[in-house]
Amino acid sequence: MSTRSALIVAALVAAASAPTVAQSGGHVEVTGFGGWVFSDGVEGNSIVAGDGNIYDRIDPKDSGSYGFSVGVMTTDHVAVGFMYVNQLSELLVSGTNERTIGDMSIKNYHGYVEYKFGAPDAVARPFIFGGFGATNYASVDVTVAGVNRSIGGETQFSSTWGGGVKAYFSPRVGGLAQFRFTPTYIKSDPGGWWCDPYWGCYAVGDPQYSNQVEFSGGITLRF
């Protein structure tokens with residue numbers, strides 16, 4: 001799924017909820033947040049590099065992140081919205097050695113549905129959310145043997161899941177603490193054969209995902 005497609009999906013979700021919002025008199029919540037992301041990548045074929053080391057894994061580096069979300073309350077407990085998160089990372093390769101290839105940003109675009117627990121006027125409201133969209137791995141600029149090169153970026157379908165708590169200091173301003181888990185499908189390796197007496201035997205794959213686990217905090221404004 002391309003970044004543009006992910007934005008279109010999020011817009012359609014918001015548009016579909018508009019009649020319900022109008023009937024329920026719901027409000028809008030705009031949240032800005034920053035945090036730290038623990039990331040992992042995928043394994044691949046072993047490659048002997050010019051430095052004599054063997055490299056068989058590629059990962060984003062754990063790093064800081066920032067983002068925002070805009071949610072529309074369709075009921076006292078349910079919101080639909082759009083979330084953007086940018087992780088400011090670096091691309092690492094590892095095996096018998098670890099090397100930093102270059103700077104790389106990882107951008108997430110997700111439409112989501114959120115459920116808040118507790119009374120609408122409660123000071124603190126725990127919440128959970130889940131959504132679908134896309135993760136974009138930006139291109140990486142690298143210098144090899146004095147030659148400047150670029151590793152192309154890639155956008156993949158992904159989902160995002162998480163939860164946390166919002167504590168409101170006033171009817172319109174609150175604080176946020178949350179965690180977010182975002183698995184992104186990257187590739188499948190041969191995983192053997194699956195056999196059925198009726199359908200026969202088929203080769204199956206072993207999927208590999210690049211995962212992001214983020215812990216963040218921020219400020220929420222209600223309108």
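Here are some notes:
- In the range 43-57 there is no residue matching the filter, namely being in a strand (DSSP E or B) and modelled with pLDDT of 90 or more.
- The numbered conditions (1) surrounded by fewer than 19 Cβ atoms within 10 Å (Cβ to Cβ); (2) in contact with a Ser or Thr (Cβ under 6 Å, 6 or more places away or on another chain) are all true for Asp103 except (2).
- Taking every residue in the range 126-154 that is free of Cβ contacts under 8 Å to residues at least 24 places away in the same chain and pairing it with any residue that is among the aromatic types (Phe, Trp, Tyr) and assigned to a strand (DSSP E or B), at least 6 positions away or on another chain, the pairs with Cβ-Cβ distances below 8 Å are Gly153/Tyr137; Glu154/Tyr137.
- Note on the range 91-129: among residues that are under 16 Å from Gly152 (Cα atoms) and charged (D, E, K, R), the one that is modelled with the lowest pLDDT is Asp103.
- The condition of being free of Cβ contacts under 8 Å to residues at least 12 places away in the same chain and touching a Leu at 6+ places or on another chain (Cβ under 9 Å) holds for only one of Glu29, Glu98, that being Glu98.
- Matching residues, the range 169-213, being among the aliphatic types (A, V, I, L, M) and modelled with pLDDT of 90 or more: Val173, Leu176, Ala177, Val213
- Matching residues, the range 33-82, being closer than 17 Å to Arg99 by Cα and among the aliphatic types (A, V, I, L, M): Val42, Ile47, Val48, Ala49, Ile54, Ile58
- For first residues located in the range 77-92 and among the polar types (S, T, N, Q), partners that are surrounded by fewer than 24 Cβ atoms within 10 Å (Cβ to Cβ) and not in a strand (DSSP E or B) and lie 6+ apart or on another chain with Cβ distances below 7 Å form the pairs Ser89/Lys61.
- Test result for Ser159, at pLDDT below 90, assigned to a strand (DSSP E or B) and of a type outside the set (A, V, I, L, M, F, W, C): no
The values are calculated or read from the model by the stated rules, or taken from the named source; none is laboratory data. Being a predicted model, the structure only gives us computed values, none of them experimental. Cβ: placed from backbone, ideal geometry, glycine included. Neighbour counts: every protein chain shown.
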